[in-house]
Amino acid sequence: MIVDFHYHLMPRMTETSVSMLMPLIARAADIMGRRLDMEALKKKGLATWADPTGERLLETMETAGIDYAVICMVDDASHPGLKAESVQKGNRMVGGVASRYPDRVGGLCGIDPRRPEAPDMLKQSIEEFGVIGMKYHPDYGFDPSGPESYRVLEVLADHGGILLSHTGPLTPPSRARLSDPMRLADLGVDFPEITVIAAHMGAVDWRPWANLAVFQPNFYGDLAMWDTLAFGHYDLFCRELRDIIDLVGPSKVLFGSDGPVYPIAEPAGKWVQLIKDLPDRAPRGIRFTREEVDAILGGNAATILGLG
């Protein structure tokens, strides 16, 4: 079984929102050594990223050989035009797609804890919309272990939910200080009922995440955005992943595509295949077992999600 634990459902896309994401694609292309037509990719993103019904998601999964995907919504309370009502409309869509394809899709709502109504938004998303947890983007300007967040996490803990929280730097105005994996350290103490997944494992600076993952049983990380390193500097990717597995064990690492944005540079199917091929293609002196690869691609996620 192959499980993508990090996919963004985008109900609608505007030229402005696509343009805001293009610097990430340009950075990825540079690291991968690809000469990409950014204007053409921008047009492709505008034409294909919007997916309110999940039909494009299912098409992508079929093409990539992905059996199950965890889709998420994102919320940013600092955005003046993004109101709670609009956020809940998106969260309802996530829950609707997951309900429509229960054997293929699980949903995470997007909640910014700075909203006064955030706990009620999460409660409604779980109990009415049918999501299994939520997505945080603390780099938008909040502390994931602060008092505002704890109000929301209490609701998540009561429902035994999953938290997927962004970690690692992004281009400004992202506030990297707030997305340090160590900001999640107290959650394993105060909310042991919550499964916490550090999206990107803190990226280049993954060791703080690993320090926590070693000791906290419900703390995981995903490989979203790591395809940039894998396609651009394969040997380095293999060394880093081998060190991660040796330090925390293979059971703490989950596959993620960060679709549909990042796969616009390299399709998700190629990312899946690269990991599948690690036992046969890893550079000399680095070895991956088939059991480790199977665990990363889906076995670990299946255990978390209770999939058969």
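When residues of segment 156-182 are filtered for being in a strand (DSSP E or B) and either surrounded by fewer than 20 Cβ atoms within 10 Å (Cβ to Cβ) or hydroxyl-bearing (Ser, Thr, Tyr) (or both), how many remain? Let's see the steps before the verdict.
Of the residues in segment 156-182, the ones in a strand (DSSP E or B) are 162-166.
Within this subset, residues satisfying the condition of being either surrounded by fewer than 20 Cβ atoms within 10 Å (Cβ to Cβ) or hydroxyl-bearing (Ser, Thr, Tyr) (or both) are 165.
Matching residues across segment 156-182 total 1.
Within the span defined as segment 173-183, one or more residues are over 19 Å from the mean Cα position of the chain (by Cα) and free of Cβ contacts under 8 Å to residues at least 40 places away in the same chain.
Is it true that ILE71 is closer than 26 Å to TYR220 by Cα and part of a helix (DSSP H, G or I)? Judged against the criteria, ILE71 is not a match. I'd like the residue in segment 196-215 that is in contact with a helix residue (DSSP H, G or I) (Cβ under 6 Å, 6 or more places away or on another chain) and at negative phi and, out of all such residues, is surrounded by the most Cβ atoms within 10 Å (Cβ to Cβ). So the residue we want is ALA198.
Under the condition of being among the charged types (D, E, K, R) and in a loop (DSSP other than H, G, I, E, B), the residues counted in segment 19-56 number 4.
Return yes or no: is PRO102 more than 20 Å from the chain's Cα centre (by Cα) and surrounded by fewer than 24 Cβ atoms within 10 Å (Cβ to Cβ)? Considered against the rule, which asks whether it is more than 20 Å from the chain's Cα centre (by Cα) and surrounded by fewer than 24 Cβ atoms within 10 Å (Cβ to Cβ), PRO102 comes out as no.
For first residues located in segment 138-151 and basic (Lys, Arg), partners that are in a loop (DSSP other than H, G, I, E, B) and lie 6+ apart or on another chain with Cβ distances below 8 Å form the pairs ARG151/PRO113.
Given the options VAL131, VAL94, name the one that is among the β-branched types (Val, Ile, Thr), part of a helix (DSSP H, G or I) and surrounded by 23 or more Cβ atoms within 10 Å (Cβ to Cβ). Before the answer, list the steps.
Numbers: VAL131 fails: part of a helix (DSSP H, G or I).
Within the list VAL131, VAL94, the selection yields VAL94.
Taking LEU153 as meeting all but one of (1) more than 17 Å from the chain's Cα centre (by Cα); (2) surrounded by fewer than 21 Cβ atoms within 10 Å (Cβ to Cβ); (3) part of a helix (DSSP H, G or I), write down the number of the exception. Going through (1) more than 17 Å from the chain's Cα centre (by Cα); (2) surrounded by fewer than 21 Cβ atoms within 10 Å (Cβ to Cβ); (3) part of a helix (DSSP H, G or I) one by one, LEU153 breaks only (2).
Restrict the check to segment 277-288 and report whether at least one residue is touching a residue at least 12 places away in the same chain (Cβ under 8 Å), of a type outside the set (Ser, Thr, Tyr) and either within 21 Å of LYS135 (Cα to Cα) or touching a Pro at 6+ places or on another chain (Cβ under 6 Å) (or both). Taking every residue of segment 277-288 in turn, at least one turns out to be touching a residue at least 12 places away in the same chain (Cβ under 8 Å), of a type outside the set (Ser, Thr, Tyr) and either within 21 Å of LYS135 (Cα to Cα) or touching a Pro at 6+ places or on another chain (Cβ under 6 Å) (or both).
Just to be sure, is ILE111 closer than 24 Å to PRO11 by Cβ, modelled with pLDDT of 95 or more and touching a His at 6+ places or on another chain (Cβ under 6 Å)? Spelling it out, it is not the case that ILE111 is closer than 24 Å to PRO11 by Cβ, modelled with pLDDT of 95 or more and touching a His at 6+ places or on another chain (Cβ under 6 Å). Taking into account only those residues within segment 269-308 that are among the β-branched types (Val, Ile, Thr) and under 17 Å from THR195 (Cα atoms), which is surrounded by the fewest Cβ atoms within 10 Å (Cβ to Cβ)? Looking at residues that are among the β-branched types (Val, Ile, Thr) and under 17 Å from THR195 (Cα atoms), I get THR303. In summary, ASP76 fulfils each of the numbered conditions (1) out of contact with any His (no Cβ under 7 Å at 6 or more places or on another chain); (2) in a loop (DSSP other than H, G, I, E, B) with the single exception of condition (1).
In segment 139-195, the qualifying residues are those that are among the polar types (S, T, N, Q) and within 22 Å of HIS8 (Cβ to Cβ), and the one that is modelled with the lowest pLDDT is THR171.
The values are calculated or read from the model by the stated rules, or taken from the named source; none is laboratory data. A quick note: this is a predicted structure, and the numbers were derived from the prediction, not measured. Because the Cβ atoms are built from the backbone with ideal geometry, glycine has one as well, and the counts that use them run over all protein chains shown.
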